[in-house]
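What follows is a single structure, written as structure tokens, with notes after it.
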Amino acid sequence: MTEHHGSCHCGRIALTLRETPTDVGECNCSIGRRTGGLWHQCPPEAVTVVGEGISYQQGDRALDLWHCPTCGCTTHWSPTDPAYPRMAVNLRMFDSALWRDLPRRLIDGARY
Ligand SMILES: [Zn+2]
């Protein structure tokens with residue numbers, strides 16, 4: 001199985017992704033356009049997060065957006081409802097070879 005390893009800038013939060021992205025999601029919602037994340041959505045079982053981040057909830061509080069308390073990098077989001085079967089990692093935390101040539105897909109989060 002292919003594993004991809006990423007981390008925030010200081011290394012406090014490490015991400016392991018056991019899927020290979022085929023496109024990159026860019027969200028135009030109020031937080032997404034500010035953080036500039038490049039998102040890969042997947043089932044929570046496909047990701048291991050090591051390290052303690054700080055979460056931020058906005059709007060309907062459906063998800064926790066995590067960032068590193070030391071270096072500030074936005075690393076991933078997870079659902080506040082543990083039954084929701086999706087989460088996402090910010091591909092910018094991974095080597096750019098993994099994502100730079102992938103097609104960008106607009107997530108039209110500003111509509112919601
Ligand atoms: Zn960090």
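Values computed for the structure shown
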quantity: Computed E for Ala46/Asp108 - FRET, C-beta separation, R0 25 angstrom, nearest 0.05; calculated: 0.55
quantity: DSSP bridge pairs, the chain: antiparallel proportion in percent, nearest 5; calculated: 85
quantity: Positive dipole terminus of the chain, leading residue within Pro82, Gly109, Leu15 (C-beta point charges); calculated: Gly109
quantity: For the range 4-107, accessible area per residue (1.4 Å probe, heavy atoms of protein chains only), Å²; calculated: 55
quantity: Phi to ³J(HN,Hα) by Karplus 6.51 cos²θ - 1.76 cosθ + 1.60 over the range 23-37, Hz, x for Gly, Pro; calculated: 8, 10, x, 10, 9, 9, 5, 5, 8, x, 6, 8, 7, x, x
quantity: Accessible-area composition of the range 4-107, carbon plus sulfur, in percent [1.4 Å probe]; calculated: 51
quantity: Dipole moment magnitude, nearest 20 debye, the chain about Cα centre, only Lys, Arg, Asp, Glu C-beta charged; calculated: 320
quantity: Solvent-accessible area of Val50 with every protein chain in place, 1.4 Å probe, in Å² to the nearest 10; calculated: 90
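The values are calculated or read from the model by the stated rules, or taken from the named source; none is laboratory data. Fair warning: this is a prediction, and the values are worked out from it, not measured in the lab. Using ideal geometry, Cβ is built from the backbone for each residue, glycine included, and neighbour counts are taken over all protein chains shown. Quick note on the areas: whole protein, heavy atoms, side chains included, nothing else; ligands and nucleic acids left out. Shrake-Rupley method; radii C 1.70, N 1.55, O 1.52, S 1.80 Å.
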